[in-house]
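**Student:** The structure is given below, and queries will be raised subsequently.
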Amino acid sequence: MSRHLISLLLLATVISATPARAQDEAGPARWLEGCERNAYGNRSRSRSCELREYTVPRTSQLVVDGKQNGSVAFFGSDRNDVRIVAMIQAEAGSEDEVAALAKQLKVETAGGRVRTDGPEWRRNTSWSVSYHIYVPRQSNLEAETYNGGVSAHLVIGTMRFTAMNGGISLDQVSGDVRGRTTNGGVHARLAGSTWSGSGLDLRTTNGGVSLMIPRGYNAQLEIGTVNGGMSFDFPITVRGRIDRQISTQLGSGGPVVRATTTNGGVRISQR
């Protein structure tokens, strides 16, 4: 096959992204302040806003069930245990009702699994739980959400993330990492000179893809979209026919870094 050099400089600006800090200790406090200001949810109902913290031993794999509503964020650190901050919001028709509802919400943290149990939603009542979880830097993680995103920052390990309505965001992670979402974008900010581990595989059905890659990065890059455009802010080399899927070697090559979407654009930028 012939070798084509294509310079896809389709956008004048580089993607702007601000991943969460690896030790975002202030995140739960900011959430609580906003919740108590009644910034989230139905203003016509009474609301309960609460932070609950748990510390559990590290485990070979941490599995988080995000339930119906709520996001999950993992933060790698130098700690040897796992710190879980549950951000709990409940709404009901009166103060007495919402207080009773909040008491029924139980956060389970045993056996390497994190989940919250509570009553079924009824008319004028609802609840949600989001998590900030601080883990050892080397951790194996799994998370599933329905209405909420999943993110991981500065973690090394085997990771499996699934979302239905929410994005997946990764910041300086490595290992064997796979993420899937149906309605939401996927974003990854890579670090170092190559991927450390077996590879990265991110896929979305309805949402955009954005990758931030260090200059001089070495990888086998695979990207694609069915209905959407592709843009790069640096030249790439493609062998063969240029189509909706592109496979290219960056630098001297390396593990596969893959990110694809069905309905959405793809943007690759250097930093």
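The values are calculated or read from the model by the stated rules, or taken from the named source; none is laboratory data. Worth saying up front: this structure is predicted, and the values here are computed from it rather than measured. Neighbour counts run over all protein chains shown; Cβ positions are idealised from the backbone, glycine included.
**Student:** Look through 147, 165 and report the one residue that is more than 20 Å from residue 27 (Cα to Cα) and out of contact with any His (no Cβ under 6 Å at 6 or more places or on another chain).
**Tutor:** Numbers: 147 fails: more than 20 Å from residue 27 (Cα to Cα).
On inspection, the qualifying residue turns out to be 165.
**Student:** Out of the residues in the range 194-211 that are closer than 15 Å to residue 171 by Cα and among the polar types (S, T, N, Q), which is surrounded by the most Cβ atoms within 10 Å (Cβ to Cβ)?
**Tutor:** Checking each candidate, the answer is 210.
**Student:** If we scan the range 212-230, do we find a residue that is crowded, with 17+ Cβ neighbours inside 10 Å and within 27 Å of residue 70 (Cα to Cα)?
**Tutor:** yes
**Student:** Any residue in the range 132-140 that is under 29 Å from residue 45 (Cβ atoms), of a type outside the set (A, V, I, L, M, F, W, C), buried (at least 20 other Cβ atoms within 10 Å of the Cβ) and outside the structural domain of residue 211 (by TED's automatic domain parsing)? Full working, then the answer.
**Tutor:** The first filter runs over the range 132-140 and keeps only residues under 29 Å from residue 45 (Cβ atoms), leaving 132-133.
With of a type outside the set (A, V, I, L, M, F, W, C) added as a condition, the list becomes 132.
From what is left, the residues that are buried (at least 20 other Cβ atoms within 10 Å of the Cβ) are 132.
Narrowing the set further to residues that are outside the structural domain of residue 211 (by TED's automatic domain parsing) leaves 132.
Yes, the range 132-140 contains a residue that is under 29 Å from residue 45 (Cβ atoms), of a type outside the set (A, V, I, L, M, F, W, C), buried (at least 20 other Cβ atoms within 10 Å of the Cβ) and outside the structural domain of residue 211 (by TED's automatic domain parsing).
**Student:** If you scan the range 51-69, which residues turn out to be among the acidic types (Asp, Glu) and free of Cβ contacts under 8 Å to residues at least 60 places away in the same chain? Before you say what the answer is, go through the steps one by one.
**Tutor:** Taking the range 51-69 first, the residues among the acidic types (Asp, Glu) are 53, 65.
The answer is 53, and nothing else.
**Student:** Given the range 1-111, what strands (runs of 3 or more DSSP E) lie entirely inside it while holding 1 or more residues that are modelled with pLDDT under 90?
**Tutor:** On the way: elements: 3-6, 46-57, 62-65, 72-77, 81-92, 106-108.
It comes to 3-6, 46-57.
**Student:** Looking only at the range 172-180, decide whether some residue is surrounded by 23 or more Cβ atoms within 10 Å (Cβ to Cβ), in a strand (DSSP E or B), in contact with a Phe, Trp or Tyr (Cβ under 6 Å, 6 or more places away or on another chain) and outside the structural domain of residue 30 (by TED's automatic domain parsing).
**Tutor:** Yes, that holds for at least one residue.
**Student:** A further question on this structure: When the range 51-84 is examined, which residues are found to be in contact with a Leu (Cβ under 7 Å, 6 or more places away or on another chain) and more than 20 Å from residue 163 (Cα to Cα)?
**Tutor:** Within the range 51-84, 51, 76, 82 qualify.
For every residue, the table says whether it meets (1) among the hydrophobic types (A, V, I, L, M, F, W, C); (2) on the phi < 0 side of the Ramachandran plot; (3) touching a Gly at 6+ places or on another chain (Cβ under 9 Å); (4) at pLDDT 95 or above.
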| site | (1), (2), (3), (4) |
| --- | --- |
| 165 | no, yes, yes, yes |
| 181 | no, yes, yes, yes |
| 184 | no, no, yes, yes |
| 210 | no, yes, yes, yes |
| 234 | yes, yes, no, no |
| 257 | yes, yes, yes, yes |
| 260 | no, yes, yes, yes |
| 263 | no, yes, yes, yes |
| 271 | no, yes, no, no |
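**Student:** Which ones in the range 188-222 are among the hydroxyl-bearing types (Ser, Thr, Tyr) and not in a strand (DSSP E or B)? So that I can check it myself, show each step before the final result.
**Tutor:** Here is the first cut: in the range 188-222, the residues among the hydroxyl-bearing types (Ser, Thr, Tyr) are 193-194, 196, 198, 204-205, 210, 217.
Listed by number, the residues that qualify are 193, 196, 198, 217.
**Student:** Can you tell me which residues in the range 150-171 are surrounded by fewer than 23 Cβ atoms within 10 Å (Cβ to Cβ) and within 24 Å of residue 69 (Cβ to Cβ)?
**Tutor:** 153, 160, 162, 164, 165, 167 - these are the residues of the range 150-171 that are surrounded by fewer than 23 Cβ atoms within 10 Å (Cβ to Cβ) and within 24 Å of residue 69 (Cβ to Cβ).
**Student:** Could you please give the count of residues in the range 103-114 that are farther than 18 Å from residue 58 by Cβ and not hydrophobic (A, V, I, L, M, F, W, C)?
**Tutor:** 3
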